[in-house]
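Working notes, structure below.
The values are calculated or read from the model by the stated rules, or taken from the named source; none is laboratory data. Just so we're clear, the structure is a prediction, and the values are computed from it rather than from any experiment. Counting neighbours? That spans all protein chains shown, and the Cβs are built from the backbone with ideal geometry, glycine included.
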Amino acid sequence: MEQQSRFWFWYTVSAGLIVVVIAVGWYFLAHKQALAPTDLNITDNATTTDTGAYIITPIEIETSGKTVAKVPLPSLERPYTPPADAPASIQAEDKVAVAAALAELKKNPDNITNWLQLALYRKNASDYAGAEEIWNYATKVWPSDTVAYNNLADLYQNYLHDYSKAILYWNKVISLKPSTISAYLNLTALYRINLKDTVKAKATLQAGLKANPNNSDLQHALSSY
């Protein structure tokens, strides 16, 4: 039992780091350049008034030339306040980075990288509603990209404590990309630690091993049962 407790203690401590590594890796590996949905066509939605004021209307998502939905853009006027406990130099850098992301999104709202970056800044500043709004938007416009689903699952599990939504989004990550080992581990921790459901926790690890035979992380986690 002592060995099991140590494992889950250190897993819980490192879970947040896993999510950050995933997000950063996706930024610099999967999204080096602006990406647009491969199977969706997003129409131009930017207009300006005679005074130069920038107006953004909801994006129309089209498939096979037929409009199927309108997705309202997240607010680009939402104020940003960096974490008060961050050093002044970091706060200044964050403000510059957020301003740059906003400026780019006003010119080109089809850039997933800038949306995801903006959401992380909002989440790190404890603006969970602002981050949630952006990630929900990303899941609708880029439904095959797992980053937003992953970040929503983390948000609901570790910050908002809405476990039913966390389960939904961890399973969405797994269904889109079954090789995402961290999704199985985080979902297992949710069942075991938060919901005290060892049956579903064990079943999650078994499902992960079925999709990823001989994975050492999943095997090690399963050995504690």
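Descriptive notes on the structure:
- Residue match in region 206-221 (condition: in a helix (DSSP H, G or I), outside the structural domain of L118 (by TED's automatic domain parsing), buried (at least 22 other Cβ atoms within 10 Å of the Cβ) and in contact (Cβ under 8 Å) with a residue 40 or more places away in the chain): yes
- Restricting attention to region 96-117, the residues being out of contact with any Phe, Trp or Tyr (no Cβ under 7 Å at 6 or more places or on another chain) and either farther than 21 Å from P82 by Cα or basic (K, R) (or both) number 5.
- Filtered residue count, region 119-160, keeping only those that are over 21 Å from P178 (Cβ atoms) and in contact (Cβ under 8 Å) with a residue 40 or more places away in the chain: 14
- Taking first residues from region 184-198 that are farther than 15 Å from K165 by Cα and partners that are assigned to a helix (DSSP H, G or I) and of a type in the set (K, R), the Cβ contacts under 7 Å between residues at least 6 apart in sequence or on separate chains come to T198/R192.
- Selection from region 122-144 of residues that are among the charged types (D, E, K, R) and not in a helix (DSSP H, G or I): D127
- The residues of region 87-112 include none that are among the hydroxyl-bearing types (S, T, Y) and either within 14 Å of E77 (Cα to Cα) or buried (at least 20 other Cβ atoms within 10 Å of the Cβ) (or both).
- Within region 107-122, being of a type in the set (F, W, Y) and over 13 Å from A97 (Cβ atoms) holds for one residue alone: W115.
- Taken over region 161-205, the criterion of being out of contact with any Phe, Trp or Tyr (no Cβ under 7 Å at 6 or more places or on another chain), more than 20 Å from N151 (Cα to Cα) and assigned to a loop (DSSP other than H, G, I, E, B) is satisfied by K196 alone.
- All of V147, V98 fail the test of being at pLDDT 95 or above, among the β-branched types (V, I, T), over 14 Å from the mean Cα position of the chain (by Cα) and part of a helix (DSSP H, G or I), apart from V98.
- No other residue among L152, L120, L176 is of a type outside the set (S, T, N, Q) and within 24 Å of D197 (Cα to Cα) apart from L152.
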